[in-house]
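Structure, as structure tokens:
The values are calculated or read from the model by the stated rules, or taken from the named source; none is laboratory data. These numbers come from a predicted model, not from an experiment. Backbone-built Cβ (ideal geometry, glycine too); neighbour counts: all protein chains shown.
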Amino acid sequence: MDNLATGSSMALTTDMMLVLALVGFTMVMLMLEKLRPDVTALIVLVALGLLGLVPAERLFGGFAGNAVISIIATMILGAGLDRTGALNRLSVWLLRVSKGMEERLIWMTSIMAGLVSSVMQNPSVATLFLPVASRLSARTGVALSRMLLPIGVAIVMGGSLTMVGNSPLIMLNDLVLSANSNLPSGVATLTGFEMFAPLPIGIALLLASVLLFRLFGRRLLGGGEDKGVTPARTESYFANAYGIGGEIYELTVTADSPLVGMSIGEAEAQRDAPLFLALKSGNESRLAAPADAMIWVGSVIGAMGRREEINDYAQNNLLRVSPRLRNFADLFNPSRAGISEAVIPPNSRFIGKTQADLQLRKRHGMSLLAINRDGEIWREDIRHMPIKSGDMLVFHSIWQSLAQASEDRDFVVVTDYPKEQQRPHKLWVALAVFAVALGLALSAELPVPLALMTGAVGMLVLGVLNMDEAYGAINWKTVFLMACLIPLGWAMDSTGTAGWIAIQVLDRLGTDVPIWVLEAAVGLLTTMFALVITHVGATVVMVPMAINLALIVGGNPVVFALIVALSASNNFLSASNPVLAMIAGPAGYRPLDLLKVGIPLTFVYLGIVLVAVNVMF
């Protein structure tokens, strides 16, 4: 990096070309989604080692880096709060304090979600606040479509309050400190950021988002359509939203019925077949019977549909109809079972798989009734329909089965259904452990990763979580993506690739450009990268380049790096943002809705970041 003065003094070496090729490969694969992002990152990691671009003894250092340890710890801490029902109590408090007033409820919930996102990963906060918003919407009549986007934006903004609020900021210190090994002589050593270094910026961003929706919310979001769901409103809601209406009837199979000897799956495939929700064979009654369960003489089917449809189907298939639930009264008790909605998050293992692959009825006791994808309702032939991120799935199940299946976090239930929190008696213990962890991080007596992991250990030792639950709380896809891509940033710096790119950028912009213009260019470029290669990928690629660019023009390298980390989360334009992907389905947002709100938010966000970092540093 001693030769960063002119473009002609730095030739493009073989190592640089290899690093550029890997960066290009990463960008293309993340955009096209031909492979899972974590698989792409793992391929890049191995390639860096095989090509000798990162020393073998340092190659896997990302897995033990401060960034990865911090993100694991925050996931465990968040799971501890979730397990004790902290956010359910929060929803009750918000309802009481807001007194049901729409504007007060929205801005209070948004601020609370933003504050929580300062110490938890954004998708995790969205997962926790979806049912909170649904409960508040159902109890106040405020349309869910008017609540979720302000909350989602606040979650993204609030991630900038601390250095552990989102993945780019968690990674930033590791990338900045690694740049010290390649600094030119005479340049001061770069130092990392303290836990609450970006706090003023985060406060400004969070307040700006709340103010924007407070002033222009009705214009940006429209009147909204009430999509809140509670068990008491299940019948009318699902009839209106999905065409799933009618009552539940018992159909007894006679000896002459053509269904005898068929499986449930074969019977469901018949034309005009109603929804099969339960099956009794012999003395065993069960909801969501698996597709291979057999129908015999005397079997009783619990079917849902309109009276005329049920009667026609029964007559055509020689079944006896009973509108009274003699066999399934307990199973279909609303306090025990019902219909629910769940959103598929970006890290779900369900993505790319079909209902037949997942065997939801056999493994989880849940019937998939419909799929809501981009505002289009699918009810026919959904058994072999691959599931995508952001899909809204409509289930019928026992509430206990739904709660158990949701623990794997492959879907997020947005319906407010009866359930008991597992360890409410540990609430104050969890809050105390959480407060101690943050206090240790704030005191600077311990490194942030150690302070957060101390809190995670406290959750385990004091019985808030057990070890299996802690493992389940960790999003290993995010961990691998981050740990595998961090060495790519090292390679960009150590091979001089980042410096070469910086020189090319400067050659085209000119040397007399004001530093704030270069900062704005870095922020915009990072924002565009984040739209296509995720915020983690954009941070890894842009931080080394931004540091080198700052060194060339005499700017503050740490400031340029911070602009990159903050801009990497500046994605309000599409469902490529995991938070927006999760809220789009429940609220019924269309791509145009996101663009209408996202375009002004993008420039407001960037403007606040540029002004704030220059005032602070």
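Quick rundown of the values:
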quantity: Enumeration of residues in segment 202-224 that are farther than 30 Å from GLY588 by Cβ and within 23 Å of the chain's Cα centre (by Cα); calculated: ILE203
quantity: The lone exception for ARG361 - which of (1) closer than 20 Å to ALA581 by Cα; (2) in contact with a strand residue (DSSP E or B) (Cβ under 9 Å, 6 or more places away or on another chain); (3) among the charged types (D, E, K, R) it fails; calculated: (1)
quantity: Restricting segment 98-114 to residues that are aliphatic (A, V, I, L, M) and in contact (Cβ under 8 Å) with a residue 40 or more places away in the chain, the residue that is surrounded by the fewest Cβ atoms within 10 Å (Cβ to Cβ); calculated: ILE111
quantity: Cβ-Cβ under 9 Å pairs, at least 6 apart or on other chains, segment 52-64 side surrounded by fewer than 13 Cβ atoms within 10 Å (Cβ to Cβ), far side among the small types (Gly, Ala, Ser); calculated: ALA56/GLY49; ALA64/ALA483
quantity: Condition check for LEU524: at pLDDT 90 or above and either under 24 Å from GLY62 (Cβ atoms) or surrounded by 22 or more Cβ atoms within 10 Å (Cβ to Cβ) (or both); calculated: no
quantity: Qualifying residue in segment 430-449 (condition: surrounded by 14 or more Cβ atoms within 10 Å (Cβ to Cβ), part of a loop (DSSP other than H, G, I, E, B) and not aromatic (Phe, Trp, Tyr)); calculated: yes
quantity: Matching option when the condition is touching a helix residue (DSSP H, G or I) at 6+ places or on another chain (Cβ under 9 Å), surrounded by fewer than 22 Cβ atoms within 10 Å (Cβ to Cβ), among the aliphatic types (A, V, I, L, M) and over 21 Å from ALA612 (Cα atoms), among VAL505, VAL541; calculated: VAL505
quantity: Of all residues making up segment 560-597, the number that are in a helix (DSSP H, G or I) and buried (at least 20 other Cβ atoms within 10 Å of the Cβ); calculated: 20
quantity: Which numbered condition LEU149 fails, given (1) more than 16 Å from the chain's Cα centre (by Cα); (2) not in a loop (DSSP other than H, G, I, E, B); calculated: (1)
quantity: Identity of the residue in segment 261-297, among the basic types (Lys, Arg) and touching a residue at least 12 places away in the same chain (Cβ under 8 Å), that ends up nearest to LEU251 (Cα to Cα); calculated: LYS280
quantity: Residue count for segment 399-431, restricted to those that are more than 21 Å from PRO346 (Cα to Cα) and at pLDDT 85 or above; calculated: 7
quantity: Test: residue in segment 348-356 that is basic (Lys, Arg) and over 30 Å from ARG590 (Cβ atoms); calculated: no
quantity: Unique residue being of a type in the set (S, T, N, Q), closer than 30 Å to LEU462 by Cα, touching a residue at least 24 places away in the same chain (Cβ under 8 Å) and surrounded by 16 or more Cβ atoms within 10 Å (Cβ to Cβ) when the list is SER406, SER367; calculated: SER406
quantity: Pair list, Cβ under 8 Å, 6 or more apart: segment 347-358 residue under 17 Å from ASP38 (Cα atoms), other residue in a helix (DSSP H, G or I) and of a type in the set (A, V, I, L, M); calculated: PHE350/LEU358
quantity: Candidates LEU207, LEU177 - the one that is out of contact with any helix residue (DSSP H, G or I) (no Cβ under 7 Å at 6 or more places or on another chain), farther than 26 Å from ILE106 by Cβ and part of a helix (DSSP H, G or I); calculated: LEU177
quantity: Residue tally, condition of a type in the set (Val, Ile, Thr), exposed (fewer than 15 other Cβ atoms within 10 Å of the Cβ) and either modelled with pLDDT under 90 or part of a loop (DSSP other than H, G, I, E, B) (or both), over segment 3-43; calculated: 3
quantity: Answer from VAL343, VAL321 - the residue that is more than 23 Å from ILE248 (Cβ to Cβ), out of contact with any Cys (no Cβ under 7 Å at 6 or more places or on another chain) and modelled with pLDDT of 90 or more; calculated: VAL343
quantity: So LEU360, is it under 23 Å from PRO274 (Cβ atoms), among the hydrophobic types (A, V, I, L, M, F, W, C) and buried (at least 18 other Cβ atoms within 10 Å of the Cβ); calculated: yes
quantity: Residue that is surrounded by the most Cβ atoms within 10 Å (Cβ to Cβ), among those in segment 378-399 that are more than 16 Å from the chain's Cα centre (by Cα) and in contact (Cβ under 8 Å) with a residue 60 or more places away in the chain; calculated: HIS396
quantity: Qualifying position, being hydrophobic (A, V, I, L, M, F, W, C) and in a strand (DSSP E or B), among ILE310, ILE301; calculated: ILE301
quantity: Residue tally, condition more than 22 Å from LEU211 (Cβ to Cβ) and assigned to a helix (DSSP H, G or I), over segment 109-131; calculated: 6
quantity: Output for segment 505-518, where each listed residue is modelled with pLDDT under 85, of a type outside the set (Val, Ile, Thr) and in a helix (DSSP H, G or I); calculated: LEU506, ASP507, ARG508, LEU509
quantity: From ILE310, ILE264, residue being surrounded by 14 or more Cβ atoms within 10 Å (Cβ to Cβ) and more than 39 Å from the chain's Cα centre (by Cα); calculated: ILE310
quantity: Tally, over segment 457-482, of residues that are assigned to a helix (DSSP H, G or I) and either buried (at least 24 other Cβ atoms within 10 Å of the Cβ) or polar (S, T, N, Q) (or both); calculated: 4
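For every residue, the table says whether it meets (1) in a loop (DSSP other than H, G, I, E, B); (2) at pLDDT below 85; (3) in contact with a Phe, Trp or Tyr (Cβ under 9 Å, 6 or more places away or on another chain).
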site: GLY338; (1), (2), (3): no, yes, yes
site: SER348; (1), (2), (3): yes, no, yes
site: LEU369; (1), (2), (3): no, no, yes
site: GLU380; (1), (2), (3): yes, yes, no
site: ARG383; (1), (2), (3): yes, yes, no
site: PRO386; (1), (2), (3): yes, no, no
site: PHE395; (1), (2), (3): no, no, yes
